[in-house]
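*Asks:* Can you keep this structure in mind? I'll have questions shortly.
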Amino acid sequence: MEKPGISFLILLTTVIFLIAPAFLVVYVIVYSRKKKKLQDEKAEMQLVYEAELLNSQLAMQEQTMQTIGADLHDHIGQLLSLTSLTLGSIEIRDDHRSAEKVNSAIEITSKCIAELRHLGKLIQGQQITEEGLYSALQQEIAWLEKTDRFRIRLSFDEVLNSVTSEEKNLIIYRLIQELVNNIVKHAAAKEIEISLTYNEGRLHLSVSDDGKGFDPEKPGKKGMGMFNIHKRIRLLNGQVKINSSPDEGTKVSITIPYP
Amino acid sequence: MANYMTMNTVAECVCFILAFICLFTDEILAWRCMVVFMLVTCAGELTGIYVQLHSDNGNNHWVYNTLLPFQIFFIHLQYFHLLTPFKKYRWMLLLGCTALIVNFWNDLMHTGFLLFSVHTYALLAVFNINYGLIYYYLKLDDDRYENLIYSAGFWWVAGNLFFSFGSTISNLFDDQLYSIELYGHHLTYYIFRGLNLILYSTWSYAFYCRRWKNLELAS
C-alpha cells in the first residue's frame with residue numbers, strides 16, 4: 001500500500017512537468033519581445049546619434065566657412081587691396097619709382113599667395129595630419145598668434161611622433177581647434193596652454209586658459225562647440241574633465257585610448 | 001463507426017486536413033513531409049483501433065511499433081530543417097537519430113515486434129525535449145528577431161515539448177498514475193488525451209502560421 005504523501009508528491013511532480021512547457025513557452029516569447037524592444041531602442045539611439053553627428057559636421061562646415069570668410073576679408077582681401085592701390089599709383093614717366101612700386105606689388109602678391117596656401121592647409125586637415133600632429137598644431141598656433149591677442153604654449157610628448165594614428169590625429173586636431181575656438185570666442189584669455197602626453201596606451205590632452213572661466217555646475221545653454229567636443233570624445237571612446245570657476249580660467253583634460 | 005471517432009483520431013484527422021491545406025505546396029521539404037507524417041499517424045491510429053477490435057487478443061502494439069520509425073524520421077527531419085541557421089548543432093540530430101534506430105533494433109531483437117518498444121519511445125521523448133530546449137536556447141541567443149507568436153517552427157517545437165514532457169513523466173510514474181481512477185477512467189487516460197489535444201492543436205496552429213507566412217512572402 002502506497003503512502004498518501006508519496007502519491008501527493010508524484011501528482012505534484014506530474015502537474016509541474018505538465019505545465020513546465022507552458023512557462024517555458026511564455027518565457028521565450030516574453031524574452032524575445034524584450035530583446036526586440038532593446039534592439040529597437042538601440043536602433044533609435046543610433047539614428048539620434050547619427051543625426052547629432054551630422055548636425056555637428058554641418059556646424060563644423062559652417063564654422064570652416066566663417067573662418068575662410070574672415071581670413072579672406074581680413075588678410076587676403078587687404079593684401080589684394082594694397083596691391084591694387086600700389087599698382088594704381090604707378091606713374092609710367094617715373095621709371096625709378098615705378099620699378100619700386102612694381103617690386104612692392106610683387107612682394108605683396110607673394111604674401112597673398114603664401115596666405116592662400118596657409119588657408120588651404122588649414123582647411124584640409126587630412127593633409128596636415130599626414131605631416132604629423134605636432135606640425136599641424138604649430139601651424140594652427142602660428143596662425144592664431146598672428147592676431148597678437150594670445151600667447152600660446154604647446155607641450156608635445158615626443159613619443160607621439162612614433163606612436164601615432166592618422167585617423168585619430170585628425171579628430172584630435174579638430175578637437176583642439178574647437179577648444180581653442182571656444183577660448184577665442186568666449187574666454188577673453190591672454191594665455192593658452194596646450195599639452196599632449198602619452199602614457200600606457202592613452203593620450204592625455206589638456207587645454208587651459210587664463211580667461212574669465214565659468215561655473216560648470218550652473219545649468220545653462222550649452223553651445224554647439226561643447227556639443228561637438230563631447231561628440232568627438234565619444235567617437236574616440238575617451239573621457240573628459242572640465243575644471244573651471246569664474247575669473248580663474250578653464251582647464252579641459254581629455255584622456256583617449258591611443259593609438 | 002463510433003469506435004473510430006475518439007478524441008485522438010478527431011484531433012489527428014483535423015491536424016492532417018490542416019497540414020494538407022497549409023503545407024501541401026510548401027517549398028520546404030521538411031514541412032511538406034509533415035503532411036505525409038500526419039497521414040501515416042492517422043492511418044496508424046485508425047489501424048490500431050481496427051486491430052484492437054478485430055484481432056483475437058486485441059494486441060495492436062505492432063501497429064505502433066510500425067509507426068515509431070516514421071516518428072523518429074519525420075521529427076528529426078523537421079528539427080534538421082529548424083536548426084538550418086545553427087548548422088553546427090546538426091551533428092547532434094544525426095547522433096540522436098542513429099542512437100534511436102540502434103535502440104529500436106535492439107528492442108525488436110529482445111522483446112519482438114508484437115510488444116511495444118517502450119524504451120525507444122521514452123528515449124525519443126527525452127531526445128525531443130533536448131532538441132526543443134536547444135532550439136529555444138538558440139532562438140533566445142540569436143540576434144535576428146522573429147515574432148514568435150506567428151512562428152511556425154516555434155509552435156511546432158512547443159507542441160513537441162508539451163507532449164514529450166507530459167509523456168515522459170506519465171511513463172515514469174505510470175503505475176502510480178494508472179492506479180488513480182476518475183469518472184471511470186485511469187488518470188493516464190486523461191493525461192494522454194490532453195497531451196494529444198495540445199500537441200495537435202499547437203501543430204495545427206504551426207501549420208496555419210507556416211501557410212500564412214508563405215502567403216505573405218508570395219504577395
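*Asks:* Quick one: would you say A:Ser32 is more than 27 Å from B:Leu161 (Cβ to Cβ), assigned by TED's automatic domain parsing to the domain that holds A:Glu100, part of a helix (DSSP H, G or I) and not aliphatic (A, V, I, L, M)?
*Replies:* Numbers: more than 27 Å from B:Leu161 (Cβ to Cβ): no; assigned by TED's automatic domain parsing to the domain that holds A:Glu100: yes; part of a helix (DSSP H, G or I): yes; not aliphatic (A, V, I, L, M): yes.
Criteria not met by A:Ser32.
*Asks:* Going through the range A:15-35 one residue at a time, which ones are over 42 Å from the mean Cα position of the chain (by Cα) and more than 7 Å from chain B (Cβ to nearest Cβ)?
*Replies:* If the condition is that a residue be over 42 Å from the mean Cα position of the chain (by Cα) and more than 7 Å from chain B (Cβ to nearest Cβ), then A:Val15, A:Ile16, A:Ile19, A:Ala22, A:Phe23, A:Val26, A:Tyr27, A:Val30 are the ones that fit.
*Asks:* Report yes if A:Arg153 is charged (D, E, K, R) and assigned to a strand (DSSP E or B), otherwise no.
*Replies:* On the way: charged (D, E, K, R): yes; assigned to a strand (DSSP E or B): yes.
Yes, satisfied.
*Asks:* Turning to a different aspect of this structure: Taking the condition surrounded by 14 or more Cβ atoms within 10 Å (Cβ to Cβ) and in a helix (DSSP H, G or I), does A:Ile16 pass?
*Replies:* Taking the combined requirement at face value, the residue does not satisfy it.
*Asks:* Considering the range B:123-150 alone, what residues qualify as being small (Gly, Ala, Ser) and more than 9 Å from every other protein chain (Cβ to nearest Cβ)? So that I can check it myself, show each step before the final result.
*Replies:* At the first step, the residues of the range B:123-150 found to be small (Gly, Ala, Ser) are B:125, B:132.
Passing the criteria: only B:Ala125.
The values are calculated or read from the model by the stated rules, or taken from the named source; none is laboratory data. None of the values given here were measured: they were computed from a predicted structure. Cβ atoms come from the backbone with ideal geometry, glycine included; neighbour counts cover every protein chain shown.
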